[in-house]
Every structure is written in structure tokens, then in C-alpha cells.
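Engineer: So that we are looking at the same thing, I have put the structure below in C-alpha cells.
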Amino acid sequence: MDRLIVDADDARAAGAEPMRSRITQRGLSLTEVGFGAAQLGNLYRPTTDDEAHAAVAAAWESGIRYYDTAPHYGIGLSERRLGAALAARPRDQFVLSSKVGRALVPTPENAAAGLLDEHGFFTPATHRREWDFGRDGILRSVEQSLGRLGTDTIDILYLHDPDDHWQEASTTGVATLIELREQGVVRAIGVGMNQAAMPARFVRECDIDIVMLAGRYTLLDRTGLDELLPLALERKVAVVAAAVYNSGLLSRADVADDARFDYDQAPAGQVARARALADICRIHGAILPAAAVQFPLRHPAVASVVVGMRTAAQVRSTIERLKAPLADALWQDLGAQP
């Protein structure tokens, strides 16, 4: 099977990228691990500015050069924090992605409301999210994101979770992203979703460059293999694997009873499956989270694995998991051959 992405060891010349990278057909060099910045938007619990800055600094020092965010994450807080933390870094030495589709509408009358919103972010209710994949909405969203990020360009722009908006997203939405790509405001365009079927349809029917696939190509859920990954490889569309821990179920060597799966309490059956995978890893002297991080990178269509990281300690543990030596026999026993 041909590899869509090629290893870019030479790109590390002059200290540019100390981590291994893979180059997409659009010429973007994505480090094998990307920094997922949702937690910088206070996902599930508050994070301080200092913690956020330290996490991004640790990611940079570890060699991570791909950073992903979205207006949805803390109604702009993640973008602002990420932009501030990267402000002193050479802009041509990292890849930045954000998303469109959830317009932020000011609601100053609710600013004093409770800090935990319905999406799990601890943030003042200064704005509400409205679905908008129209041209004007996307252009406004991009302009606002550029301001929060403190940059003139966004390397990758994804349509964010258009599950119930196929018609508008696949026509006006994609056309607007293509317009931005032609103008040089963005370098690559795509879709980011928690399912595999609709992204496959985008790959078949639309001129996109990249798909962010969340939770559907993991040790526990491999539905991305049914159609999307083979199709992406055929069409030369890069895949970024996100949510590789399936919301936490695969994030620990010992699977907890109260672990989460797909943003909710994990069903007993999934907990049992995760524990069986952990036992296999243990037999081979490995830990489950290391296998979870490395697994998607074994597929030739996958360019990067984006992992959510809140603190410098989480960055360091992620890098340890990426670099952990894992035997071929382990992959065989996990049924995870490339």
C-alpha cells in the first residue's frame, strides 16, 4: 500500500522540526503529534493562563509544530491563549489549524451567567454559538479567529461538525473555503467530525485536502477503516486522527470504572474491551495509552495524531507515549497491523 504521507526527516535541518513529520499533498509538514488546544478553552475545568502558556512552551520544546484550535473551544478562549503562547515563535515554523461553522454571537446580557456552559467549557456566557456554514458567516468567523490568534493566515481550516448541515456545508461552505485557499488566507481545507461516513462523502464529492477524524480510528473504534481511510489514501486526502483515547477510556494503563467514552460515561462493555487491550499491552511490557497514541500513525493515510493537552506534564507524557518502543508482536495481538 502506497503511503500518502512521506516522512520529512530532512525538514529538521537548521533545527526547524526536531520531531518526525509527514508532508501532505498540499506541502504542509505535520509533526506526528499535534497539540489539541480544546483544554486551553477550559474544557471540563478551569485552566490558568500560566498553565496554558507552559503547556504550549513544553510542546514547542518537545518538537511539536502542529497546533489545533477552534472558536467553539471556550468561545474563543482557546484561540486567544494559543495565539498569545505562539506569538514569539517564527510563524513559518509551525502549522496552525482552526475551524468554522459555529459562529460566536455576542450575548452581553448573559455575561454574568454561570461559568459552565452546555458544552462543558468553563467560560462566561458572553457569546452563544450558532450554526452557520454560509459564506458571510464563515468569512466573519475567519476574520475573528485571525484576530484572536494574532496571525494573517491559518494553515488548515476545517468545517466543524457539519453533521446536520450537509447541504450548506458541502456547497456554500466548501466553496467559501476554496475561495479562502485561493486567496492564500488558508493553505488547506477540510472537515473535522466525530463520525466517518460523512467525511468520506466530503472526500468523494468535494475538493478538500484533509480530514480531522475524531474517535473513529482508535484501538477501540476502527470504523474509519470501513471507507474513509482507504478512500482518503486513494484521493490523496490527508487524515488527522484526533480523540485517540476515546474521551479518556484509553488514556490510562489501568482502566478506571468511571472512565469516559465518547464524552459520556463508558458502557460496561467498552470498559471490559479497554481492559482486555490493556492486558495485552501489559503482557508485552507496554502501556495502553502508548499503543493508543501510536496506533493511528501505522496507517499510511494518517498524517498526525492530535492529542488534547492542558499542562506541560501532559505534553511530556504524550511524547513519552509516542516514543515508547512497541514490539511487532504487540500490534499482532492487538489486531492492529497496518
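Engineer: How high is the relative contact order of the chain, given as a whole-number percent (alpha carbon pairs under 8 Å, six or more residues apart)?
Structural biologist: Computed value for the chain: 18 percent relative contact order.
Engineer: Between Thr107, Thr153, Thr171, find the one with the highest GNM mean-square fluctuation for the chain; connect C-alpha pairs within less than 10 Å.
Structural biologist: Result for the chain, Cα springs under 10 Å: Thr107 fluctuates most.
Engineer: Continuing with the same structure: In the stretch 32-324, with Lys and Arg counted as +1 and Asp and Glu as -1 at Cβ, which of these residues, Ala303, Trp131, Gln39, has the Cα nearest the positive end of the dipole, that is, farthest along it?
Structural biologist: Ala303
Engineer: Where the centre of each part is set by its Cα atoms, how far does the stretch 26-64 sit from the stretch 292-338, in angstrom?
Structural biologist: 17 Å
Engineer: Can you put Arg252, Arg22 in order, fewest other beta carbons within 10 Å first?
Structural biologist: Arg252, Arg22
Engineer: To the nearest 20 Debye, how big is the dipole of the stretch 32-324 about its Cα centre, given +1 on the beta carbon of each Lys and Arg and -1 on that of each Asp and Glu?
Structural biologist: Roughly 760 debye for the stretch 32-324.
Since every read-out is calculated from the coordinates, none of them should be taken as a lab result. Here the structure is a predicted model, which means the values were calculated and not measured. Please note: Cβ atoms are built from the backbone with ideal geometry, for glycine as well, and neighbour counts cover all protein chains shown.
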